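Enquirer: Mind looking over this structure? Questions follow.
Nothing in this text is a laboratory measurement; each read-out follows from the coordinates by a stated rule. These numbers come from a predicted model, not from an experiment. As a convention, Cβ positions derive from the backbone with ideal geometry for all residues, glycine included, and neighbour counts pool all protein chains shown.
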Amino acid sequence: MNFTLKQLRYVESTGRLGSIANAAMELNISQSSITAAIGALESQIGFDLFVRTPAKGISVTPAGREALRLIRGFIVQSRHFETEMMSVGGDASGSVRVSCYATAAPSFLPPILKKFRASHPTTSITLLEGNMEATLVYLANGDADLAFCYDEMVEDGHDFTPLFGAPPYVLIAADDPLAKNSSVWLKDLAERPMIMLNLPRTKAYFTNIFEQLGMKPNIVHSTRSAEIARALVSGGHGYSLLNICPPDYRQDDVRYRVLPLLDKLYVPTFGIITLAGIRKPNIVQAFIGQCVDLKLNGAFDNIVVKSPNRSSTK
């Protein structure tokens, strides 16, 4: 068969986006170029990748779905090959593509980027942010070399490098009577107004914390932003539950306080997810290695709120 990497990228984008028009927009090329690439590849492999339906666009055939899986794997390997070639004859260099759980990124990324920039000043780092589902989509599509996310997102075909346990904690207004305590029980919060961080999987996780203890949270506000949740807490509209605590949350602040929970709860582990069975470029291995070094040196201790009743592990 005689096809180009460019053609495979056109086909992969079409399958991922479900539309030739959307793929053309993403790749900034004409729709006719993508149509030609699809036609050429289908002609060589001897079966259809997509079904064209007038006025409805395209859908992937069963054989096309398997072909797209292979194409995505090949594209990932080609990017790794490119990075390896750039580092031949010298130290690890090139680029690292990182997908991050956006709510957590401001807390853990700064020390990682600072250390890596110091040791690899010529390396390009691309950051892709999104919710937990999106971080894994970036990884699966080959847009990212690794994903920072929670262990609950790990599936077959993934490797996981743990960095720290992230127990849930309470963010509460400074003038709330409970704010005078050094810690708090969930039963003391259940009837109080709660500001829920409402992201995919997040709401179910926090709701389940209460349900496991036979309680139900009193949700009065819902937001997709941790910063908005903090602003609402500061304004006295209720408390919120979060997992990763930015260092500035612990500074003396007249508006809110950070309190650990006394309940013995499941503690999710935050870390690095990569695709299993794929040899990583030297630069990606170096990036992961420095993250592990930071973990061993306690760099993430200040963003974890430990319960006085337990350690920050599962």
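Enquirer: Return the calculated 222 nm mean residue ellipticity for the chain, to the nearest 500 deg cm²/dmol, obtained by summing -39500 (n - 2.57) across DSSP H runs with n ≥ 4 and dividing by the residue count.
Expert: Working: 9 runs with 119 residues, N = 314.
Taking each H run of at least 4 residues, the total per residue is -12000 deg cm²/dmol.
Enquirer: Take the alpha-carbon centre of segment 1-79, take the same for segment 137-156, and report the distance between them in whole Å.
Expert: Using only Cα atoms to place each centre, the spacing works out to 22 Å.
Enquirer: A follow-up question, please. State, as an integer percentage, the relative contact order of the chain based on alpha-carbon contacts under 8 Å between residues 6 or more apart. Walk me through the numbers before you get to the answer.
Expert: Values: 526 pairs, mean separation 64.8, N = 314.
Relative contact order comes out at 21 percent.
Enquirer: Which whole-Hz ³J(HN,Hα) couplings does segment 119-132 yield from phi under the Karplus relation 6.51 cos²θ - 1.76 cosθ + 1.60, θ = phi - 60°, glycine and proline marked x?
Expert: 8, 9, x, 9, 7, 8, 10, 9, 9, 10, 10, x, 6, 4
Enquirer: Once you charge only the Cβ atoms, +1 for Lys and Arg and -1 for Asp and Glu, what is the size of the charge dipole of segment 152-282 about its Cα centre, to the nearest 20 debye?
Expert: Details: 14 positive and 14 negative charges, 13 e Å.
Dipole of segment 152-282, to the nearest 20 debye: 60 debye.
Enquirer: Give the order of Cys100, Cys245, Cys149 when sorted by the count of other beta carbons within 10 angstrom, beginning with the fewest. Write out the running numbers ahead of the final one.
Expert: Working: Cys100 22, Cys245 19, Cys149 27.
In increasing order of surrounding Cβ atoms, one gets Cys245, Cys100, Cys149.
Enquirer: As an exercise, find the ratio Rg/Rh for segment 5-81 from alpha-carbon atoms, using the Kirkwood inverse-distance average for Rh.
Expert: Numbers: Rg = 11.8 Å, Rh = 12.5 Å.
Result: Rg/Rh = 0.94.
Enquirer: Rg to Rh ratio, the chain, alpha-carbon atoms and Kirkwood radius?
Expert: 1.05
Enquirer: So, one more: In segment 249-299, which chymotrypsin sites (Phe, Trp or Tyr not before Pro) fall in coil by DSSP and have 11 or fewer other Cβ atoms within 10 Å? It would help to have the intermediate numbers written out before the result.
Expert: On the way: sites: Tyr249, Tyr256, Tyr266, Phe270, Phe287; in loops: Tyr266.
Nothing satisfies the criteria.
Enquirer: A further question follows. Determine the dipole magnitude for the chain: charges of +1 sit on the beta-carbon of Lys and Arg, -1 on that of Asp and Glu, nothing else is charged, the reference point is the Cα centre, and the result goes in debye to the nearest 20.
Expert: Numbers: 31 positive and 29 negative charges, 39 e Å.
Value, rounded to 20: 180 debye.
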